[in-house]
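The values are calculated or read from the model by the stated rules, or taken from the named source; none is laboratory data. Keep in mind the model is a prediction, meaning the values are calculated, not measured. A quick note on method: Cβ atoms are made from the backbone with ideal geometry, for glycine too, and the neighbour counts reach across all protein chains shown. Only protein heavy atoms, including side chains, enter the accessible area calculation; ligands, DNA and RNA are left aside. Shrake-Rupley method; radii C 1.70, N 1.55, O 1.52, S 1.80 Å.
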Amino acid sequence: MVKYLFLIAFSLTYIVSASSTDPSRFSVADGFNVELVYEVPKDQQGSWVAMTNDSKGRLIVSDQTGALYRVDVSEKKAKVEKIEVDVGMAQGLLCAFDALYVMVNGGRTIGSYLVKVTDTDGDDKYDTKKELINFNQGTGEHGPHALLLSPDKKSIYMVVGNQLDLPKYKNTLVPPLWGEDQLLPRIYGKGYMKGVTAPRGFIAKMDPNAENIEIMATGFRNQYDAAFNREGELFTFDADMEWDINTPWYRPTRVNHVTSGSEFGWRNGSAKLLNHYPDNLPTTLDIGPGSPTGVAFGYGAAFPEKYQEALFICDWSYGVLYAVHLKPDGATFKAEKEVFISGQPLPLTDLLVNPKDNALYFTTGGRQVQSALYKVTYNGNAKVVNKDSGVITSEAKLRRELEKYHGPNKPEAIAKVWPYLSHADRHLRWAARTAVEHQPAHSWAKKALSETNPEASLEALLALARAGDKKYKTNLINSLLKLDWSSLTKAQKLAQLRILHIVSARMEGIESAKAELLAKFDSQYPNKDTELNMELAQIMVYLQSETAVAKTVQLLEKATSQEEQIHYAKTLRLAKTGWTDENYKKLFNWFAISSRYGGGASFKLFMAEIKKDTLKLMSKADKETLKDAINAKAPKTETRPNPALQVIAKRGSYTNWKVSDFNETVAGGLKGRSFENGKNFYGAANCTACHRFNGNGGVIGPDLTGSGGRFAPLDLLEAIIEPSKQISDQYGSVILNMKDGSSISGKIANMKGDELRIITNLYAPGEMTKVDNRKIKKIVDSKVSMMPPGLINMMTQEEVLDLLAYVLSRGDKNSSMFK
């Protein structure tokens, strides 16, 4: 048994420091009140990161680097006492089965363990501990986290980030067909966890003694917590890789619906699986940049019913507590987010509903920052709604039936689930294919190769590719080639191309079918669709098509988003044939231009790696001939052929637009607009630097994808022309007034001990300013938006209207706005 040497005796009389954020500075949803219950004396009780209820309505909390404490909140003044058992450093706590389960995340200091703590003599004091699992790894903040009681109250679920290998398990609902599945070599940037491969980041179920472990889901980056809804459906809040910001493989923090046998696609470096890849499940809701921590449903809170049913999720970095409103959608859910509480700094760590007083409690802390316990109540009349279950759709019921076949040695599964491989619902297809993959490939391969329904064929061929038996490769590729490209949907085309990636990765390449593959896909490239172009580019370059370079360079020049450009450059770096001096010059011109681009902490290293790989494949003669282009510096003005940029560059005047200038022009709605013009001016205004749109763009500003459902044209114009008129709580900034008289304006994005890290430049979110918290005199909310005004002043009225139509239509060329 490990010794937890970090624990020392503490007096129960604490000196309270007054440096927690005052609740009066929080932005809080209408009708709710936040009360500071307890300020944690950092030098004595540390910084609290995990919390659970005990059977008597008290709270059990843990310091990230120290002891456990029991907190009685039944009186006006909270009573805090140290738990006198040699255990702590918990990032997961659960009171169940007459015990306290403690998920110790001790890093390299003491390692990681699951410990069961009990009260053996009935004196209401824990006195005995038993180690249930030794993970045999020293991990950090991406290690073992939350513990959940199963809906039937018979089992425990553990939530574990990507720094731990899978534990020794008895069963896995995820088919054990692990792989990276990359067609082209990845790039690593700073190389965090370089060399670590899937499966990582998992959720598993176990019995109360942790003797039988079952893997439920994999592919997370660092999901700290999870929660079951009334119907027993599981949800988690997974982390982004903030170093990837503004790259095509960046995935925002996101809410995931965790179903049996699910995989969510975390891979190292640039190898992360995209949402549309059929070998991972899509996000339920993208949130944005941040650091996910505690998760809980509002069940049992004396809140309006809307909030009782909400999933509350904590973002540690940006200090936002979201209420996520979920609605059944086929076999899964759709969701909308609402900023429930926000503040800067507000390093949220965990939350729960206390059944004793029906209030929501949350803690702040982590990384040795000032910690506190807060209480949220509703000011009006609201009764707790007691429900055994909620709405469950017929598709969800069917999905659960299919999930019963998730496991080996179930030969009857093939006939039972096969009809659902062609279902319109992606989650139902996933459940069916997962059941198939659990059975030996030889028992269903012939059926897969002869399947005629396109949807079912793609699912079956995906399963066969993942099985990885090379004897099926030729027939598998032939079956893919037989599918009529013109009759496939976009999603099916993307799936077809993705399966080729997997065949190549698991069956030693696809070069044997080079002629046939080029004959099928070369005529489809370039395509009118951006996502298809990005996938086709990889296939063409992998097969070393003679036309790949010219076509991809052309797409690189026309791409309006930074992410799309980077994807084409990353792909081109591996092209060995088809180069001309002119195309090399265009690529190196892009390298010069892109040196002005910004992103996460790995961004510059990613870009350098792409250029280094490009140079590696060039001949000495080509390097000499093109040395001026290779070493060119960023031009003063944009030189790529974006028509909008070229038009703007020639203008010598601008218009200081007001919202009222557009009252008459938008009164009858936006019709007859130019899609291409709108797209080009969206890029020219550099909207992508801060805003995400259809999966591309920055993440420091609001996601514009759903703007059409939130804004009328004049409302969107007002947000562009007068960005400071109304600033969202989620995207507001602060002013740090320093003791020396200076001030710093920006957004608090990270903390450690007495250090705050501030984003001061929206265009370079990875370059943060470090500020000593002890030197700050006062923090006030800024009344000035970080979004600069005047971004459309170089445009004509017609160009502004095209831009509005492009954003409000969600970039849909078929929208009525363009007819």
Determine whether Arg254 is within 11 Å of the chain's Cα centre (by Cα) and among the charged types (D, E, K, R). yes
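A quick yes/no check of all residues on (1) outside any loop (DSSP other than H, G, I, E, B); (2) surrounded by 17 or more Cβ atoms within 10 Å (Cβ to Cβ); (3) under 31 Å from the mean Cα position of the chain (by Cα); (4) among the hydrophobic types (A, V, I, L, M, F, W, C):
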position	(1), (2), (3), (4)
Thr21	no, yes, yes, no
Glu35	yes, no, yes, no
Val49	yes, yes, yes, yes
Thr52	yes, yes, yes, no
Ser55	no, no, no, no
Val61	yes, yes, yes, yes
Tyr69	yes, yes, no, no
Glu75	no, no, no, no
Glu81	yes, no, no, no
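Let me confirm something: among Tyr277, Tyr250, which residue is touching a Lys or Arg at 6+ places or on another chain (Cβ under 7 Å) and of a type in the set (Ser, Thr, Tyr)?
On the way: Tyr250 fails: touching a Lys or Arg at 6+ places or on another chain (Cβ under 7 Å).
Unique residue meeting the criteria: Tyr277.
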Taking the residues in the stretch 534-551 that are surrounded by 19 or more Cβ atoms within 10 Å (Cβ to Cβ) and of a type in the set (Gly, Ala, Ser) as candidates, determine which candidate is nearest to the chain's Cα centre (by Cα). Ala537
Residue among Thr293, Thr284, Thr236 that is open to solvent by 20 Å² or more (accessible area, probe 1.4 Å), in contact with a strand residue (DSSP E or B) (Cβ under 7 Å, 6 or more places away or on another chain) and touching a residue at least 40 places away in the same chain (Cβ under 8 Å): Thr284
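In the set Tyr299, Tyr322, Tyr318, which member is at pLDDT 95 or above, open to solvent by 10 Å² or more (accessible area, probe 1.4 Å) and either of a type outside the set (Asp, Glu) or not in a loop (DSSP other than H, G, I, E, B) (or both)? Don't jump to the end; show me each part of the working.
Working: Tyr322 fails: open to solvent by 10 Å² or more (accessible area, probe 1.4 Å); Tyr318 fails: at pLDDT 95 or above.
Result of the check over Tyr299, Tyr322, Tyr318: Tyr299.
So, in the stretch 697-712, how many residues would count as being at pLDDT below 70 and surrounded by fewer than 21 Cβ atoms within 10 Å (Cβ to Cβ)? Break it down stepwise before answering.
Initial filter on the stretch 697-712 (at pLDDT below 70): 698-700, 706, 708-710.
So of that shortlist, the ones also surrounded by fewer than 21 Cβ atoms within 10 Å (Cβ to Cβ) come out as 706, 708-710.
Count: 4.
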Which one is farthest from Val258 (Cα to Cα) among residues in the stretch 179-192 that are surrounded by fewer than 16 Cβ atoms within 10 Å (Cβ to Cβ) and within 21 Å of the chain's Cα centre (by Cα)? Lys190
Scanning the stretch 413-455 residue by residue, those in contact with a strand residue (DSSP E or B) (Cβ under 9 Å, 6 or more places away or on another chain) and hydroxyl-bearing (Ser, Thr, Tyr) turn out to be Thr434
Restricting the stretch 415-452 to residues that are among the hydroxyl-bearing types (Ser, Thr, Tyr) and assigned to a helix (DSSP H, G or I), the residue that is least open to solvent (accessible area, probe 1.4 Å): Thr434
Among residues of the stretch 206-239, those that are aromatic (Phe, Trp, Tyr) and assigned to a strand (DSSP E or B), counted: 3
Could you tell me whether the stretch 248-259 includes any residue that is of a type outside the set (Asp, Glu) and on the phi > 0 side of the Ramachandran plot? no
Going by what's in this entry, would Tyr126 be described as under 24 Å from the mean Cα position of the chain (by Cα), at pLDDT 95 or above, of a type in the set (Ser, Thr, Tyr) and open to solvent by less than 50 Å² (accessible area, probe 1.4 Å)? no
Taking the condition of being open to solvent by 40 Å² or more (accessible area, probe 1.4 Å) and under 26 Å from the mean Cα position of the chain (by Cα), how many residues in the stretch 721-776 meet it? 14
Counted residues in the stretch 777-807 being among the β-branched types (Val, Ile, Thr) and either within 16 Å of Pro702 (Cα to Cα) or part of a loop (DSSP other than H, G, I, E, B) (or both) come to 4
Of all residues in the stretch 552-602, how many are part of a helix (DSSP H, G or I), under 21 Å from Leu626 (Cβ atoms) and open to solvent by 40 Å² or more (accessible area, probe 1.4 Å)? 6
Going through the stretch 1-55 in order, the residues found to be within 17 Å of Tyr126 (Cα to Cα) and either modelled with pLDDT of 95 or more or hydroxyl-bearing (Ser, Thr, Tyr) (or both) are Tyr4, Met51, Thr52, Asn53, Asp54, Ser55
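Take the stretch 214-232 and flag every residue that is closer than 17 Å to Val174 by Cα and open to solvent by less than 10 Å² (accessible area, probe 1.4 Å). Quick ask: steps written out before the conclusion?
From the stretch 214-232, those closer than 17 Å to Val174 by Cα are 214-221; that's our starting set.
Passing the criteria: Ile215, Ala217, Thr218, Gly219, Phe220.
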If you scan the stretch 335-362, which residues turn out to be touching a helix residue (DSSP H, G or I) at 6+ places or on another chain (Cβ under 7 Å) and either modelled with pLDDT of 95 or more or open to solvent by 20 Å² or more (accessible area, probe 1.4 Å) (or both)? Val339
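Residues Ser785, Ser809: which one is small (Gly, Ala, Ser), under 23 Å from Ser27 (Cβ atoms) and either in contact with a Pro (Cβ under 7 Å, 6 or more places away or on another chain) or open to solvent by less than 20 Å² (accessible area, probe 1.4 Å) (or both)? It would help to see each step written out before you state the result.
Working: Ser809 fails: under 23 Å from Ser27 (Cβ atoms).
Ser785 is the lone residue from the list that is small (Gly, Ala, Ser), under 23 Å from Ser27 (Cβ atoms) and either in contact with a Pro (Cβ under 7 Å, 6 or more places away or on another chain) or open to solvent by less than 20 Å² (accessible area, probe 1.4 Å) (or both).
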Residues in the stretch 265-275: is at least one at negative phi, open to solvent by less than 20 Å² (accessible area, probe 1.4 Å) and either in a strand (DSSP E or B) or in contact with a His (Cβ under 9 Å, 6 or more places away or on another chain) (or both)? no
Which residue pairs have Cβ atoms under 8 Å apart, sit 6 or more places apart or on different chains, and have a first residue in the stretch 605-624 that is over 26 Å from Asn246 (Cβ atoms) and a second that is part of a helix (DSSP H, G or I)? Met618/Tyr584; Asp622/Asp581; Asp622/Tyr584; Lys623/Leu615; Lys623/Ile630
Within the stretch 140-169, residues hydroxyl-bearing (Ser, Thr, Tyr) and buried (at least 20 other Cβ atoms within 10 Å of the Cβ) come out as Tyr157
Which residues, taken from the stretch 251-282, are within 16 Å of Leu428 (Cα to Cα) and either at pLDDT below 95 or among the charged types (D, E, K, R) (or both)? Glu263, Asp279
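For the subset of the stretch 650-684 comprising residues that are hydroxyl-bearing (Ser, Thr, Tyr) and outside any loop (DSSP other than H, G, I, E, B), which member is modelled with the lowest pLDDT?
At the first step, the residues of the stretch 650-684 found to be hydroxyl-bearing (Ser, Thr, Tyr) are 653-655, 660, 665, 674, 682.
Now narrow it down to the ones that are outside any loop (DSSP other than H, G, I, E, B): 660, 682.
Working: Ser660: 86, Tyr682: 82.
In this case the residue turns out to be Tyr682.
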So which residues in the stretch 394-422 are within 17 Å of Glu455 (Cα to Cα) and within 31 Å of the chain's Cα centre (by Cα)? Val417, Tyr420, Leu421, Ser422
